[in-house]
Amino acid sequence: MTDRDASLATDGGLPLAHEQVDEIIDDLNLSDDVRETATEFAKRADYEHPINRAPSTIAASVVYYVALLKNEERSQKAVGYTADVSEVAIRECYQEIADLESDRVAEMQREAHREARWEKFMDLSEDGWDDPGQCWDHEDCPRDGCDGELQQQDRFNAMCLTCENAWGHVRDQTTHYLQNEDGEIVVEKPVAAADGGTEPDGGVDR
Ligand SMILES: [Zn+2]
């Protein structure tokens, strides 16, 4: 990588951990998703919370750990062989990194969970699920302290007529959900069993 060459030139030829990540990633044929997070972790190990180990060990351990987190696991043996680092060193060092990055890892897992939920919804919408009708009409506004009621705007949106807050509507086989702008579910209600898609109170007119 060109930025690797540049930093080699400026810091006297001692590559930092994050500068060694790319080559290991390439050799192990890991994804750019792993590359991005491994580089982020390695940079923090270089600059924010120095670990008293060789940069090559840190780079190998970060790659091992992030690949594991992202379901692209490579064995400690394979990573060690590629990076010329002992398996024992990787085993010890990746646990230090796991401790240091525990908050970030928890956040990543929440993101992944949210994305997985979204993918489930997207699959269903591509299948062409039925129009929700007015399924959120006259439901109580989920916002704290608002006594308003909701009105379904279209298949993807419901709005409170009083506070004018809007939520995204998604559903799966059994449940309708409203999401806030962070994609968090704020309220849910079951899809009517009888009709498999349209609402039980389908007589509501707009
Ligand atoms: Zn409201």
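Here, each number is a calculation from the coordinates, and none is a lab measurement. For clarity, every value in this text was computed on a predicted model and none was experimentally measured. Heads up, the Cβs are rebuilt from the backbone with ideal geometry, glycines too, and the neighbour counts pull from every protein chain shown.
Converting phi to 3J(HN,Hα) with the Karplus coefficients 6.51, -1.76 and 1.60 and the offset θ = phi - 60°, the range 171-179 yields 8, 10, 4, 10, 9, 8, 10, 10, 10 Hz in sequence order, with x at every glycine or proline.
Using 1/(1 + (r/R0)^6) with R0 = 25 angstrom and r between the beta carbons of TYR47 and SER75, what's the FRET efficiency to the nearest 0.05? Please list the in-between numbers first.
Details: r = 29 Å, r/R0 = 1.16.
The computed FRET efficiency comes out at 0.30.
Once backbone amide H atoms are built at 1.01 Å from N, GLU72 has no partners under 5 Å, excluding neighbours fewer than 5 places away on the same chain. A simple spin-label model places the labels of ASP33 and ARG114 1.6 nm from each other, with each point 7 Å out along Cα-to-Cβ.
The distance between label points at GLU87 and ASN180 comes to 4.7 nm (points 7 Å beyond Cα on the Cα→Cβ vector).
Highest average first, the peptides 56-68, 155-167, 100-112 ordered by how many other beta carbon atoms sit within 10 Å of their residues are 56-68, 155-167, 100-112.
Across the range 105-115, coupling constants 3J(HN,Hα) worked out from phi with the 6.51/-1.76/1.60 Karplus curve, θ = phi - 60°, read 5, 4, 5, 4, 5, 5, 4, 4, 5, 5, 4 Hz, and Gly and Pro carry x.
Per-peptide packing, taken as the mean over residues of other Cβ atoms within 10 Å, places 180-187, 17-24, 70-77 in the sequence 17-24, 70-77, 180-187 from highest down.
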